[in-house]
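What follows is a set of notes on a single structure, which appears directly below.
Where a number appears in this text, it was derived from the coordinates with a stated rule and is not lab data. Computed from a predicted model, the values in this text were never measured in an experiment. When we count neighbours, we look across all protein chains shown, and the Cβ atoms used for this are built from the backbone with ideal geometry, even at glycine.
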Amino acid sequence: VDRYIYIIKDGIVRCGFRHDDMEDTVLFGMEGDAIGAVHSLKHDLPSPFFYEAITKVDALKIHIDDFNSLIKIDHELLMWWQAYLFDGMFVFEHKYAYFAMKDAYERYVTFIGKRPELAKEIPVKYIAQYLNISRETLSRIRAKYAKDSFLLLSGKHLTKSVITHFFV
């Protein structure tokens, strides 16, 4: 049971979930993100999720009791925390709804479009887990994406579907 909230100052953290012999990457945290196991923070229970530094990480660490004391006296901090929690809920809902409606290539293009800096820092196996595809599929998608990007930049003839991927 971890009773701390961590606010990432620098670096990338991965949140994962293990079940039986399977492992899933749920989210990535980076500069400005707050992370912590809600099971532990709110309910004092062991969390089924784990956090792992992908790069060197510098983070602030605050005990949940101290944090709760602060938000009782600092309205601005309370409002930030509330907004942060709502944003987090939105991200989870959006990820699962959007990923359910898109094919693997479109999920990769969306991921790259929203967080291009992460693709350079995160090992391929974690990106594949996050996108819910195999590493082999991700490799093929990355090759197609590189080819489509080259064609787009060089002004070659592009199909409507390729153009849609880049501009939607």
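In this structure, A143 and Y96 have a Cβ-Cβ separation that, at R0 = 30 Å, corresponds to a calculated FRET efficiency of about 0.65.
Pairs over the 18 Å Cα-Cα cut-off, from the set K42/K72; K56/K114; K9/K42: K56/K114; K9/K42. Run down the aspartates and glutamates and flag those whose C-alpha is under 12 Å from the C-alpha of K125, throwing out any fewer than 8 positions away in its chain. Excluding near neighbours in sequence, the set is E23, D24, E136. Distance from the alpha carbon centroid of region 96-110 to that of region 67-86 works out to 33 angstrom.
Once C-alpha pairs closer than 8 Å and six or more residues apart are averaged by separation and normalised to the residue number of the chain, the relative contact order reads 20 percent.
The HN-Hα couplings worked out from phi for region 115-131 by the Karplus form 6.51 cos²θ - 1.76 cosθ + 1.60 (θ = phi - 60°) are 9, x, 5, 5, 4, 7, 9, 9, x, 3, 4, 6, 5, 4, 4, 4, 7 Hz, whole numbers, x standing for Gly and Pro.
Report the semi-axes of the equivalent ellipsoid for the chain in whole Å, largest first, where each axis is √(5λ) for an eigenvalue λ of the Cα gyration tensor.
Details: eigenvalues 244, 64, 41 Å².
So the three semi-axes of the chain are 35, 18, 14 Å.
The string of couplings for region 22-35 from the Karplus curve (6.51, -1.76, 1.60, θ = phi - 60°) is 9, 9, 10, 9, 8, 7, 10, x, 9, 2, x, 7, 9, 10 Hz, one whole number per residue in order, with x for Gly and Pro. Computed 3J(HN,Hα) for region 86-95, one whole-Hz value per residue from the Karplus formula 6.51 cos²θ - 1.76 cosθ + 1.60 where θ = phi - 60°, is 5, 4, x, 5, 4, 4, 4, 4, 5, 4, glycine and proline marked x.
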